[in-house]
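Visitor: If you scroll down you'll find the structure; I have some questions about it.
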Amino acid sequence: STQSNFPSVLVLGDSYTEGQGASPWFEMFRKNFSQKYLQFVNGGIVGTGFQQWELLHDYLLTEGVIVKHLVVIFISDDYRRGIWNFSTGTSGCLVDYQRCVGNEDFYGIPNDKDRDVYLEKLRAYRERALNSSFNQRIEHYLPATTMIIRFLRDSLGSSEAGDSPRSQNRKVIASLIARYKDDILFVHIPQKDEVVNQRVDPLGYVTREDIKRLGGEFYDGQAHCNLTKEDFFVHDGHPNAIGYAKISACVTAAVKDKWSLQ
């Protein structure tokens, strides 16, 4: 658990940082450091971007967390993401699995006694969805993926409009760099399509250039993390266990090099 009034390395990011799809890599990362005077805080939240990370950062400060070093792990898509929250149905399902219907984005964990009945309930709901439209089938069978697509679509706008996600995210980057100066490091992790196609998405280049222009420093995961297409799931855009192990090693190297931590 996170302690207040204790110097921390806060790591902000999206589902790659959270560790979605495999055993989260953060504990592996944390154990690479021997400093007893620092705690490592995982601030990864699925489907989020810079604006949402700032909200989490500010909340942790109000809870008494002292951020000594700030690590911001981003993928190219993050620069177009705005702020969102779970739907009422999903929030209720996460709090109490007995409230789950089957159409939620994420699900609460049942107790062992109710597990089989609970899973059959979800399976039956999705089976009924076979008789619905194609879009509804996709939503029911891939709810988490649909949620991310929906939030990304809703957050898209004119790239340079004053209230667009990209414009707001640029302001967040500027604010964090101004606050932390040499105590912030951005780490750009390549997405699956970037690894497969051996290129950086144009939006990733824009993010990098904005970070440099605003006086920040980024670590190039495309060049240094050694990710291959085999390090990602076949039918999903997230890294598998091997991919997360590489990300853990890569971020460890970046942080140790940046602040000479051991």
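The values are calculated or read from the model by the stated rules, or taken from the named source; none is laboratory data. Keep in mind it's a predicted model, so treat the numbers as computed, not measured. Cβ atoms come from the backbone with ideal geometry, glycine included; neighbour counts cover every protein chain shown. Each accessible area value is taken on the protein alone, full model and side chains, heavy atoms only, with ligands, DNA and RNA left out. Shrake-Rupley method; radii C 1.70, N 1.55, O 1.52, S 1.80 Å.
Visitor: Any chance you could give the angle, 0 to 90 degrees and rounded to 10, that helix 143-155 forms with the longest Cα principal axis of the chain?
Guide: 60 degrees
Visitor: For segment 246-262 and segment 74-110, write down the distance between their C-alpha centroids in whole Å.
Guide: Computed from Cα coordinates, the inter-centre distance equals 31 Å.
Visitor: From a point 7 Å beyond the Cα of Ala174 in the direction of its Cβ, which residues of segment 208-240 have a backbone N at a distance under 19 Å?
Guide: 208-218
Visitor: With no solvent and one point per C-alpha, what does the Debye sum give as log10 I(q)/I(0) for segment 53-111 at q = 0.24, 0.26 Å⁻¹?
Guide: Rounded to two decimals, the profile gives -0.92, -0.95.
Visitor: Any idea what Rg and Dmax come out to for the chain if you just take the C-alpha atoms, in Å?
Guide: Over the chain's Cα set, Rg and Dmax evaluate to 19.3, 58 Å.
Visitor: Still on this model: Label points 7 Å out from Cα along the Cβ direction at Asn32 and Tyr125: separation in nm?
Guide: Simple spin-label model gives 3.9 nm for this pair.
Visitor: Can you list residues from other chains, or at least 5 along the same chain, whose modelled amide H is less than 5 Å from the amide H of Ile66?
Guide: Asn5, Phe6, Ser8
Visitor: Between rounded, prolate and oblate, where does segment 163-262 land on the alpha carbon gyration tensor, with a ≥ b ≥ c its root eigenvalues, rounded for a/c under 1.5, else prolate if a/b exceeds b/c?
Guide: Judged from the Cα gyration tensor, segment 163-262 comes out oblate (a/c at least 1.5, b/c at or above a/b).
Visitor: Quick check: residue separation of Arg213 and Asp114 times 0.36 nm, minus the Cα distance between them. What number comes out in nm?
Guide: Value of the extension gain: 30.2 nm.
Visitor: Can you tell me the 0 to 90 degree angle between the C-alpha axis of helix 202-213 and the longest principal axis of the chain, rounded to 10?
Guide: 30 degrees
Visitor: Per-residue ellipticity at 222 nm for the chain, helices alone: DSSP H runs ≥ 4 residues times -39500 (n - 2.57), over residue total, nearest 500 deg cm²/dmol?
Guide: Calculated from helices alone, the mean residue ellipticity at 222 nm is -13500 deg cm²/dmol.
Visitor: Take every DSSP beta bridge whose two residues both sit in the chain, then give the antiparallel share in percent to the nearest 5.
Guide: In the chain, approximately 5 percent of DSSP beta bridges are antiparallel ones.
Visitor: Turning to a different aspect of this structure: Could you check how much of the accessible area of the chain is carbon and sulfur, as a whole percent, using a 1.4 Å probe? Mind dumping the intermediate values first?
Guide: Working: 7030 of 13360 Å².
Of the solvent-accessible surface of the chain, carbon and sulfur hold 53 percent.
Visitor: Right, next: Please say if segment 204-262 is rounded, prolate or oblate, where rounded means a/c under 1.5 for a ≥ b ≥ c the square roots of the C-alpha gyration tensor eigenvalues, and otherwise the choice is prolate for a/b larger than b/c and oblate otherwise? The partial results should precede the final answer.
Guide: Values: a/c = 3.30, a/b = 1.40, b/c = 2.36.
Because a/c hits 1.5 or more and a/b fails to exceed b/c, segment 204-262 counts as oblate.
Visitor: In addition: Once both axes come from the Cα atoms, what is the angle between helix 165-180 and the longest principal axis of the chain, in degrees from 0 to 90, rounded to 10?
Guide: Approximately 40 degrees, to the nearest ten.
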